[in-house]
Every structure is written in structure tokens, then in C-alpha cells.
Amino acid sequence: LTLESRLRRALQQGQLVLHYQPQIDIATGRIVGAEALVRWLDPDEGLISPARFIPLAEVSGLIEPLGAWVLAEACRQGQAWRAAGLPEITLAVNVSPRQLRQSDLPAAVAQALAQSGFSAAQLELEITESALAENHEHALRILHELRALGVQLAIDDFGTGYSSLVQLKRYPIQVLKIDQGFVRDIPHNKDDMAISAAIVAMGHSMGLRVLAEGVETAEQLEFLRAQGCDRYQGYLRSRPVPAAEFEDLLRAEAPH
Ligand code: G
Ligand code: G
Ligand code: MN
Ligand code: NA
């Protein structure tokens, strides 16, 4: 069986799961969001990384049903956490270039929200900078339709995709996610430090929230805090964890 047909079967048989990585407010240290990241629980191979199957899903077209499942599952889980009275957080979901190219992405998002009852304002969609650059006018139209639903929009892997500032200014976005490649070598690489600082300053001057990805050390966090970066995610606080484990982290945040 090819990997593609195994993946197709895994999707049908419910062998995909979402893990959640906390997003932390740097000023308060509290969990204010989570990024949902898909994993494949194969009965024989165990946990298969999305780095192995997302690119395949993207070229084969499987990303469409897979992406719809991820959206539905994240919204279902987010609504369950709300119903359980846990602190309100944003849930970030990755949208692939091919999903963005589809004209019915806004309809799929609206359906996931309606079926779950999850609040649009708590759903954040992550779109990579390179996907936006691909077909700018179409992407812009889809972003406006998504924004009209009330969801938040983030640019993922920011700084790696060569989008022009003229384009950036036109995107109806709320969040820039600094690519982890710029965070990794803080505080040793002065260029990366200058770039991270510049992204925070530029994002703020455009009225955007800035989140740093891949924060692994206290020094990196201190540098980002000094720049006024709003949020971070990374192994320093937590890896992406299964839903039950994330729920424990969130419960520990609630006032006792
Ligand atoms: O944890 P990490 O190994 O989860 O993710 C590897 C890559 O897979 C990242 O680039 C991440 O954005 C991508 N990825 C993880 N989950 C999803 C998803 O649900 N949809 C899409 N399109 N990409 C995902
Ligand atoms: O492409 P995207 O930014 O959506 O994917 C995020 C990827 O980064 C996932 O594979 C996730 O598991 C990984 N990740 C999250 N935090 C860290 C971190 O602190 N260090 C490293 N090296 N990877 C991280
Ligand atoms: Mn992401
Ligand atoms: Na990223």
C-alpha cells in the first residue's frame, strides 16, 4: 500500500489526532492560545509526523478532506473546552497553500464553526507567507471572506516568504508569527536578533500582534520580551501535547 492510500484510509478510520502547543502571553506568562498540529497514529508505525504526510496530502489533494477534518476537530475541541468552563483561548489552525487556493475555504470554515458552536473570534487561521505570495489577488479575496466570518488571521513563518510590504499592508490580518529560524540562534546571531526586533516593531506599527515561534531558551524569551513581542510558543514552555494533556495545562491556569 502506498503512503497516500494508507493516509486516505487513516483519515476514514479516524487515525488522525490533533496535538496542541500552548501560546503564552509574554507579559503575564499565561496560556492565551494553542496551535493545533495534526498527527497520524498508525497502528503499526506509531506516531507519524505531519512533516512526512502533509506535503503528500498537499500534492494528492487529500489535504482538502484532511484540512476540513482538522478544522472541524479543532472547533469541536475548542467548544468542548469552553463548555467545560476552561479559560477562553484562541485556537490556531494551519491552512495549507492548496486549501487557500480553493474558493470554498470560507464555506468550510463557516461550516466548522456552525456545526461546533465554537466562537469565530477564538479561531485563528495560520497562512504561510509563501502561500499568500502565490496568487496574490485570489488570496486577498479569500482572506477578506474569512475575516468577514469573524475569525482571526495570522501569517505563519513570517520573514521567509518574500511578501512585499505593499502586499502585507493590504492583508486583513491580525497576527505575525516570527519564523523559528530567526529565533533559533538568539542571542548568538546578531542578524537574526535584528530581524526579530524589526518584525516586532513593524508588526506593532501596523497594529498587529506578534508571536515568536520555536522559543527554547530563557535567553531567547528575555530578548523577545525586551523587544515587546506579545506572545510565544516553543519547547521552553511545552511541546505540542495531546488534548487531555493540554487541558491539564489549561486547568492549572484557572483561578483556584
Ligand atoms: O509539529 P510539527 O512537526 O507539528 O509540524 C510539522 C509541519 O506540519 C509544520 O510545518 C506544520 O505547520 C505542519 N502541520 C501540522 N499540522 C498541520 C495541519 O493541520 N495542516 C497543515 N496544512 N499543516 C500542518
Ligand atoms: O510550520 P509551523 O510553524 O506551523 O510548524 C511549527 C513546527 O515547529 C511544528 O513542527 C512544531 O512541532 C515545531 N516546534 C514548536 N515549538 C518548537 C521549538 O521550540 N523548537 C523546535 N525546534 N520546533 C518547534
Ligand atoms: Mn503554524
Ligand atoms: Na511557523
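Pairs please, first residue from the stretch 233-255 and more than 16 Å from ligand 3 (Cβ to nearest atom) and in a strand (DSSP E or B), second anywhere and among the polar types (S, T, N, Q) and modelled with pLDDT under 95, Cβ atoms under 7 Å, 6+ apart in sequence or on different chains.
none
Can you name every residue in the stretch 32-48 that is among the small types (Gly, Ala, Ser) and within 19 Å of ALA74 (Cα to Cα)? Please lay out each step first, then the result.
Here is the first cut: in the stretch 32-48, the residues among the small types (Gly, Ala, Ser) are 33-34, 36, 46.
Answer for the stretch 32-48, where residues must be among the small types (Gly, Ala, Ser) and within 19 Å of ALA74 (Cα to Cα): GLY33, ALA34, ALA36.
Tally up the residues in the stretch 71-116 that are buried (at least 20 other Cβ atoms within 10 Å of the Cβ), of a type in the set (A, V, I, L, M) and either more than 18 Å from the chain's Cα centre (by Cα) or not in a helix (DSSP H, G or I) (or both), please.
So the answer is 5.
With the structure loaded, tell me whether LEU208 is crowded, with 19+ Cβ neighbours inside 10 Å, touching a Leu at 6+ places or on another chain (Cβ under 7 Å) and in contact (Cβ under 8 Å) with a residue 60 or more places away in the chain or whether it fails that test. Step through it out loud before you land on a result.
Working: crowded, with 19+ Cβ neighbours inside 10 Å: yes; touching a Leu at 6+ places or on another chain (Cβ under 7 Å): yes; in contact (Cβ under 8 Å) with a residue 60 or more places away in the chain: no.
So LEU208 fails the test.
Quick check on my filter: what residues within the stretch 180-200 are out of contact with any Phe, Trp or Tyr (no Cβ under 6 Å at 6 or more places or on another chain) and under 22 Å from GLY33 (Cα atoms)?
GLN180, GLY181, PHE182, VAL183, ARG184, ILE199, VAL200
So the check is Cβ under 7 Å with 6+ separation or different chains; which pairs have a first residue in the stretch 147-160 that's closer than 15 Å to GLY214 by Cα and a second one that's away from ligand 3 (no atom under 16 Å from the Cβ)?
Every condition considered, the pairs that remain are GLY159/ILE195.
Among the numbered conditions (1) buried (at least 19 other Cβ atoms within 10 Å of the Cβ); (2) of a type in the set (Ser, Thr, Tyr); (3) more than 24 Å from SER130 (Cβ to Cβ), tell me where SER238 comes up short.
Result: SER238 passes all but (1).
The values are calculated or read from the model by the stated rules, or taken from the named source; none is laboratory data. No experiment lies behind these values; they were computed from the predicted model shown. In this analysis, Cβ positions are derived from the backbone assuming ideal geometry, glycine residues included, and neighbour counts consider all displayed protein chains.
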